[in-house]
1. Express the relative contact order of the chain as a whole percentage, based on alpha carbon pairs under 8 Å and six or more residues apart in sequence.
2. Might you report the magnitude of the Cβ-based charge dipole of segment 3-133 about its Cα centre, with Lys and Arg at +1 and Asp and Glu at -1, to the nearest 20 debye?
3. Quick one: angle between helix 54-63 and the longest Cα principal axis of the chain, in degrees between 0 and 90, rounded to 10, please.
4. With point charges of +1 on the Cβ of Lys and Arg and -1 on the Cβ of Asp and Glu, referenced to the Cα centre of the chain, which listed residue (Ile129, Gly64, Gly99) lies farthest in the positive direction of the dipole?
5. Would you mind counting up the charge near Ile129? Only other residues with Cβ under 11 Å from its Cβ, with Lys and Arg at +1 and Asp and Glu at -1.
6. Hey, what did segment 14-80 get for relative contact order, percent, Cα under 8 Å, at least 6 apart?
7. Take Arg62, project a point 7 Å from its Cα along the Cβ direction, then tell me which residues of segment 89-116 have their backbone nitrogen under 11 Å from it.
8. Whole-Hz Karplus ³J(HN,Hα) for segment 26-32, in order, using 6.51 cos²θ - 1.76 cosθ + 1.60 and θ = phi - 60°, x for Gly and Pro?
Amino acid sequence: MTDDTLTTAEVESRIRTLEDERYAAVIARDIDRFIELAHPDLVYTHSNAEIDTLDSYVGKLRSGHYLYHRIDHPVSRIVVSGDTAVVVGEMHADLTAGGVRKQLANRALAVWVREGDGWLLLAYQPTVIPESDR
């Protein structure tokens, strides 16, 4: 069965698995796996509003600019429309960015698109959760 014949529930399950895999890849520094999961036109926005392409983000991963120590990413909703899946959730992480240890608490939106028989991460957008809402 290919992804284009799956039910919405099956697509949602597949997307949850892919989300787990992409976060696990950056924690493990498995950059090749992250690249396999990402669309070539990836738009990766950070919570400080910096924007990376696939190439620039991968460069930062390879150089050690971003070192992820822990990431929790609860998913509250996945919306599937045609060949697009939007993941709504949160991303809580301990990481080192540019040599500075940080803790993040973000709401997050990830966009996956169907490419052939699979799905690729096209865009990611986190937003800082205010202290009063944590």
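Every number in this text was worked out from the coordinates using simple rules, so none of it is lab data. All figures in this text were calculated on a predicted structure; none of them were measured in a lab. Ideal geometry is used to build each Cβ from the backbone, glycine not excepted, and the neighbour counts take in all protein chains shown.
1. Result for the chain is 23 percent.
2. 520
3. Approximately 40 degrees, to the nearest ten.
4. Highest projection toward the positive end goes to Gly99.
5. Residues close to Ile129 contribute a combined charge of -1.
6. Once normalised by length, the contact order is 30 percent.
7. The answer is none.
8. Each residue of segment 26-32 in turn: 6, 5, 7, 6, 8, 5, 4 Hz.
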